[in-house]
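This report concerns only the one structure given below.
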Amino acid sequence: MAKKAAAVKPLTKSQVLNSLTESSGLAKKDVQAVLDSLTGLISESVGKKGAGVFTIPGLCKIVVKDKPARPARKHVWVPLVQEYRDIPAKPASKAVKVTPLKALKDMV
């Protein structure tokens with residue numbers, strides 16, 4: 001039986017900042033400011049007053065989806081526990097969906 005490869009840990013925020021600083025030649029404060037402004041742009045676009053869509057060119061598209069309210073249901077058979085249950089209503093909500101673009105899919 002083949003052994004599993006050692007798990008690779010994802011980069012931390014400081015490791016990302018350090019690698020971007022080394023590769024771009026910019027100061028660490030400048031890279032931090034760019035990431036902070038990108039976060040601000042995303043929150044404005046996806047927020048209540050924004051368009052609900054934000055695209056990072058070549059990487060991903062971030063979309064806010066509206067989930068409709070679901071009514072309560074009575075006497076629903078739940079096979080896992082082998083009994084009938086009442087399922088409560090769920091209010092309407094919003095969900096964030098991140099879709100990878102073709103360039104990101106090609107990287108993998």
Worksheet, complete the sentence: Of (1) basic (Lys, Arg); (2) surrounded by 10 or more Cβ atoms within 10 Å (Cβ to Cβ); (3) at pLDDT below 95, LYS90 fails just (3)
Fill in: Every pair of residues 6+ apart whose Cβ atoms lie under 8 Å, when the first sits in segment 67-85 and is closer than 27 Å to VAL96 by Cβ while the second is surrounded by 10 or more Cβ atoms within 10 Å (Cβ to Cβ) and among the hydroxyl-bearing types (Ser, Thr, Tyr)
LYS67/SER93
Worksheet item: Within segment 12-33, can one find any residue that is closer than 23 Å to LYS105 by Cα, of a type in the set (Gly, Ala, Ser), surrounded by 11 or more Cβ atoms within 10 Å (Cβ to Cβ) and not assigned by TED's automatic domain parsing to the domain that holds VAL108?
Response: yes
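The values are calculated or read from the model by the stated rules, or taken from the named source; none is laboratory data. Everything numeric here is computed off the predicted structure, so don't read it as measured data. A quick note on method: Cβ atoms are made from the backbone with ideal geometry, for glycine too, and the neighbour counts reach across all protein chains shown.
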